[in-house]
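The block underneath contains the structure these notes are about, expressed in structure tokens.
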């Protein structure tokens, strides 16, 4: 990527994140973003179609910079994987920002991206573990349900006052993923 393009995109992303930390998302205008980024309005539209896409890109870059990745869901362990705990630490460290993104006036684009990311992981896990946990339900439908549940638990954890510790939130998400009583593990053990 051309360094000038990368520099402009980064300036816009930093501006958007800074503004999103300061005020509600619906109070941020393109004019606010370009003023903070010190670029022109036409530069904004050369790189982004709208504020939502900019915010989603900025959050992706922020998570990548902080090394926050959702774990693969291939091993259905009894405890949440450390990668999930680390991912929630990223949310906790940026709680005000993610609270706005996931809140009632949040970012549908950013939430949709997160949903798609979790859904891809779930589809892969369902295919590779060959679980019978969702008999009669197409894998993509089961994965969509799991992704929605993960986002629901994440949103509820972020909204709690006081917010429970990261490990507890990760445990809640993991419990939703592995099912009541560890349904995935029980079926895998029965097959072996």
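Summary table below
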| item | result |
| --- | --- |
| Which listed residue is surrounded by 13 or more Cβ atoms within 10 Å (Cβ to Cβ), within 21 Å of residue 14 (Cα to Cα) and outside the structural domain of residue 19 (by TED's automatic domain parsing), from 110, 139 | 110 |
| Hits in the range 119-144 (condition: part of a helix (DSSP H, G or I), in contact (Cβ under 8 Å) with a residue 40 or more places away in the chain and in contact with a helix residue (DSSP H, G or I) (Cβ under 6 Å, 6 or more places away or on another chain)) | 122 |
| Subset tally (residues that are surrounded by 17 or more Cβ atoms within 10 Å (Cβ to Cβ) and at pLDDT below 80) for the range 125-136 | 3 |
| Any hit, the range 61-80, residues being farther than 25 Å from residue 168 by Cα, in the same structural domain as residue 154 (by TED's automatic domain parsing) and modelled with pLDDT under 95 | no |
| Count of the range 96-105 residues which are buried (at least 19 other Cβ atoms within 10 Å of the Cβ) and either in a loop (DSSP other than H, G, I, E, B) or in contact (Cβ under 8 Å) with a residue 60 or more places away in the chain (or both) | 4 |
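The values are calculated or read from the model by the stated rules, or taken from the named source; none is laboratory data. What you are looking at is a predicted structure, and each value in this text was computed from that prediction instead of being measured. Heads up, the Cβs are rebuilt from the backbone with ideal geometry, glycines too, and the neighbour counts pull from every protein chain shown.
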